[in-house]
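Data block below; observations after.
Coordinate-derived values only; no laboratory data. Here the structure is a predicted model, which is why all the values come from computation and not from measurement. Glycine gets a Cβ as well: all are built from the backbone with ideal geometry, and neighbour counts include every protein chain shown.
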Amino acid sequence: MRRWLALIATITLTFISLPSAHASSVILLTEPTHRQINGQFIDDELASSIAISGRLGQFVFNPPVGERTWVIDPALIEEVTAMANGYTLTSGAAGVGTLFAKSWLTQLAVATRSDSVIAMAYGNPSSYWVGQLSPHEVNYVLNISGTRLATLLGREVVAARSYQSNSQFTLGSAEVAAIKEDSTYFAQTAAFVDPKNIDTYRLALLKILNPKLTKDRRDYLVRDYTATAYDQIHLVHLSSGKFTVTASQQNIPITITNGFPSNIKVNLYVIPTNFKVRVGELPQISILAQSKTQVMVPVTVLTSGTSGLNVELTSSNGDLLGDSVIYPLNLAVISPIATWVTTGAAILLFIAASIQSFRRIRRKRR
C-alpha cells in the first residue's frame with residue numbers, strides 16, 4: 001500500500017513540475033534602429049540578429065510552445081522589410097542580410113498566424129522623453145503604431161496600449177536644444193513636403209529616444225536628425241550676389257529657389273544696412289515647385305557711396321526659411337539730393353566769383 005502511495009505521489013509531482021502545454025508567453029520583438037532618416041543602414045548588425053541563431057531569430061524560428069502573445073515594434077518590421085528589398089550601408093558596401101530578412105519575415109508570419117499580436121509604440125521610445133520633447137505626440141505615437149504594424153504584417157493587430165519604457169536616460173542640454181529646434185524646422189516645413197515624408201520625420205525622433213541605444217549611436221542619430229532638418233529648412237533659399245546701382249531709382253534682381261515638391265508662397269523682407277538707400281514695398285511671392293524665380297526689389301538712392309540690403313525669406317505663416325543674405329550695393333550714381341547740393345554750391349561759387357570780379361573792376365577804375 002505504501003509503495004502504491006509513493007508511486008502516485010511521484011507521478012503527481014512529476015506532472016506538477018512539467019511546464020503546462022497551455023502556458024502563455026509574451027514575446028517582445030524590438031531592436032534599436034540601424035538606419036538614418038533617409039533609410040540607409042548604418043551597419044549590418046541587424047542581419048546577425050535576425051539569423052536563425054541570432055537574438056531575434058531565436059524568437060521567430062524557435063518560439064516557445066503554448067499560447068503566445070507577440071508585442072512587435074513596427075519600426076523593426078520596417079527595417080527588416082527594407083533589408084528584404086535589398087540595401088546598402090552608409091559605407092557604400094552591399095548589405096548581406098537580404099535572404100535572412102526574407103526568411104525571418106516569412107517565418108514570423110507562420111509563427112504568429114494563430115497568435116495575438118499587439119503593436120508596440122513605434123521605435124520603442126521612452127515615454128518620459130517623448131513627453132519632455134514632443135508632448136503633443138504621446139497619443140499620436142500609440143495610434144499610428146497599430147496602423148503601421150497592421151499594414152506591414154497584412155493582418156489585424158491590437159493597437160498599442162502603452163509604452164514599454166519610461167526610462168530617464170541621460171540626454172544632454174545641447175542635444176535637447178538641438179532636437180527641439182530641429183523638430184520646429186520639420187513642423188514649419190510640413191506643409192511643403194511630400195505627405196508621405198511627414199510621418200518619417202516625426203517618427204525619426206522616436207527612434208532616437210529608444211533607451212537601448214548606445215550613447216555613440218544616439219549622438220550619431222541626433223547629428224543625422226539635425227543635418228536633415230537643416231537641409232529641409234534650406235530647400236527654400238536666396239542666391240547670393242552684389243550689385244552696382246547706376247540710377248537714382250533701380251530694381252535689384254533677387255533670385256529665390258524652391259526645392260520643395262509643391263508650390264509655395266513666401267514673403268521677402270528687405271532692410272537697408274544704412275540710410276543711403278530706401279526700399280519700396282513688395283507683394284507676397286508665389287514660387288512653383290522645384291523652380292527658381294527672380295524678384296525685382298525697387299530701391300531709391302539717396303546719396304552715393306556703399307550700402308547693402310539685408311534680405312530674409314519667411315513662409316506665409318511668418319516662419320523664417322533658409323538664411324538671411326546681405327547684398328552689398330555700390331552706389332555709383334549722383335542722387336537728386338546730391339545734385340541739388342552740388343548745383344547750389346556751384347551757384348554760390350559763381351556768385352562769389354562774380355562779386356570778386358566786380359570789385360576788381362571798380363578798383364582799377366579808381
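Pairwise inverse Cα distances across the stretch 177-328, averaged and inverted, put the Kirkwood hydrodynamic radius at 17.4 Å. Each residue of the stretch 281-293 was assigned a 3J(HN,Hα) from its phi angle through the Karplus curve 6.51 cos²θ - 1.76 cosθ + 1.60 (θ = phi - 60°); the sequence is 6, 10, x, 5, 10, 9, 10, 5, 4, 6, 8, 10, 9 Hz, with glycine and proline shown as x. The chymotrypsin sites (Phe, Trp or Tyr not before Pro) of the stretch 161-260 include none that meets both conditions, a loop assignment by DSSP and at most 12 other Cβ atoms within 10 Å of the site Cβ. Distance between the C-alpha centres of the stretch 65-97 and the stretch 102-136: 12 Å, rounded to the whole angstrom.
Counting only residues at least eight positions apart within a chain, or on another chain, the lysines with an alpha carbon under 27 Å from that of K207 are K102, K180, K196, K215. Dipole of the stretch 236-333 computed with +1 at Lys/Arg Cβ and -1 at Asp/Glu Cβ about the Cα centre; of T246, V299, P272, farthest Cα towards the positive end is T246. Between the alpha-carbon centres of the stretch 154-174 and the stretch 282-326 there is a gap of 44 Å.
Candidates G172, P211, Q188 compared by Cα position along the dipole of the stretch 14-233: farthest toward the positive end lies P211, with charges placed on Cβ.
You can think of it this way: the chain between V110 and A191 has 25.1 nm of extra reach, that is 0.36 nm per residue less the Cα-Cα gap. Electrostatic bookkeeping for P32 treats Lys and Arg as +1 and Asp and Glu as -1; over the other residues with beta carbon under 15 Å from its beta carbon, the sum is -3. Residues whose amide H falls under 5 Å from that of V333, counting only those 5 or more places apart or on a different chain, are G305, with hydrogens built in the peptide plane.
Using only side-chain charges placed at the Cβ, +1 for Lys and Arg and -1 for Asp and Glu, the dipole size of the stretch 236-333 relative to its Cα centre rounds to 220 debye. log₁₀ I(q)/I(0) of the stretch 55-146 at q = 0.14 Å⁻¹, via Debye over equal Cα point scatterers, no solvent, to two decimals? Each listed q maps to, in turn, -0.66. One quarter of the convex hull surface built on the alpha carbon atoms of the stretch 14-233 amounts to 13.5 nm², the projected area averaged over directions. Peptides 90-96, 135-141, 305-311, ordered by how many other C-beta atoms sit within 10 Å of their residues on average, highest first, read 305-311, 135-141, 90-96.
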